Amino acid sequence: MAAPMSADRFINALRNEGLTVVEVGAWRTHNRNHKGPWGPVHGVMIHHTVTRGTAHTVELCREGHSALPGPLCHGVIAKDGRVHLVGYGRTNHAGAGDSDVLAAVIAEKRLPPDNETDTDGNRHFYGFECENLGDGEDPWPAVQLDAIARAAAALCRVHHWTARSVIGHREWQPGKVDPRGFTMDAMRARIGERLK
């Protein structure tokens, strides 16, 4: 069980992992904390945005839309590898997911199939939205994949988690397909290498 790190520690962890970080507005206090608790945190969740264009993607993830108010994540990882921080605290990124998956993340064991939506993921996961159309054809530049691994590793390093604490949205909530275009097993292997 881990308390969320402070916003300052969060940004410093990302920078210490070699990432270029862009601060967007008053990201440290932009959150959905009035909707429920933030923490304890147990892992990092990776998403794709189904958008094109960094400026549009960052704005959408910061503000959200009529059906889902922002922020929609903590950080947006752009195609150029920069991490745009848009919120901190509870964010609308994970939604309801499988309690058995959460138990596996906490235990850092192999994930079971996600077949329930009985647990609030927004409370328990840091979230990164990654700029990609999510159609399986839009490329993932090497610099972006490296940034995803670095961002996840940075948070794992602070909390003393292994790469097993990093999951994809598709591994959490039935019916989700993101991130599409790389496997989470391959991404966890990259994160594990960074954590050695």
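Observations on the structure shown:
- Test: residue in segment 172-192 that is part of a helix (DSSP H, G or I), surrounded by fewer than 22 Cβ atoms within 10 Å (Cβ to Cβ) and touching an Asp or Glu at 6+ places or on another chain (Cβ under 9 Å): yes
- Inclusion of ALA186 among residues that are aliphatic (A, V, I, L, M) and within 16 Å of ARG15 (Cα to Cα) is not warranted.
- Contacts under 7 angstrom Cβ, first residue in segment 1-25 being closer than 15 Å to VAL44 by Cβ, partner hydroxyl-bearing (Ser, Thr, Tyr) and modelled with pLDDT of 95 or more, 6 or more apart: PHE10/TYR88
- Hey, PRO37 part of a loop (DSSP other than H, G, I, E, B) and crowded, with 19+ Cβ neighbours inside 10 Å or not: no
- Any chance ALA107 is in contact with a Leu (Cβ under 6 Å, 6 or more places away or on another chain) and small (Gly, Ala, Ser): no
- Residues of segment 150-168 classified as open to solvent by 10 Å² or more (accessible area, probe 1.4 Å), in a helix (DSSP H, G or I) and farther than 10 Å from ASP185 by Cα, total: 4
- Sole exception among (1) open to solvent by 50 Å² or more (accessible area, probe 1.4 Å); (2) β-branched (Val, Ile, Thr); (3) not in a loop (DSSP other than H, G, I, E, B) for VAL50, by number: (3)
Yes/no matrix, rows are residues, columns are (1) more than 18 Å from GLY36 (Cα to Cα); (2) aromatic (Phe, Trp, Tyr); (3) in contact with a Gly (Cβ under 8 Å, 6 or more places away or on another chain):
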position	(1), (2), (3)
GLY87	no, no, yes
THR91	no, no, yes
ASN122	no, no, yes
PHE128	yes, yes, yes
ALA142	yes, no, no
ARG150	yes, no, yes
TRP161	yes, yes, yes
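For every residue, the table says whether it meets (1) closer than 17 Å to PHE125 by Cα; (2) small (Gly, Ala, Ser); (3) modelled with pLDDT of 95 or more.
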{"site": "ASN33", "(1), (2), (3)": "yes, no, yes"}
{"site": "VAL44", "(1), (2), (3)": "yes, no, yes"}
{"site": "HIS48", "(1), (2), (3)": "yes, no, yes"}
{"site": "GLU59", "(1), (2), (3)": "no, no, yes"}
{"site": "SER66", "(1), (2), (3)": "no, yes, no"}
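- The C-beta contact set for segment 30-59 (first residue without any contact (Cβ under 8 Å) to a residue 40 or more places away in the chain, second residue crowded, with 19+ Cβ neighbours inside 10 Å and in a loop (DSSP other than H, G, I, E, B), distance under 7 angstrom, 6+ apart or interchain) comprises VAL58/VAL86.
- Of everything in segment 80-120 that is touching a residue at least 60 places away in the same chain (Cβ under 8 Å), in a loop (DSSP other than H, G, I, E, B) and open to solvent by 20 Å² or more (accessible area, probe 1.4 Å), the residue that is nearest to GLY53 (Cα to Cα) is ASP80.
- Single residue of segment 68-79 satisfying the filter (part of a strand (DSSP E or B) and touching a residue at least 40 places away in the same chain (Cβ under 8 Å)) that is nearest to ASP120 (Cα to Cα): GLY75
- Scan of segment 11-27 for residues that are assigned to a helix (DSSP H, G or I), touching a strand residue (DSSP E or B) at 6+ places or on another chain (Cβ under 9 Å) and closer than 13 Å to ARG150 by Cα, ordered by number: ILE11, LEU14, ARG15
The values are calculated or read from the model by the stated rules, or taken from the named source; none is laboratory data. Please read all numbers here as calculations on a predicted model, not as lab measurements. All Cβ positions, even for glycine, are placed from backbone atoms using ideal geometry, and neighbour counts span all protein chains on display. Side chains included, ligands, DNA and RNA excluded: accessible areas come from the protein's heavy atoms. Shrake-Rupley method; radii C 1.70, N 1.55, O 1.52, S 1.80 Å.
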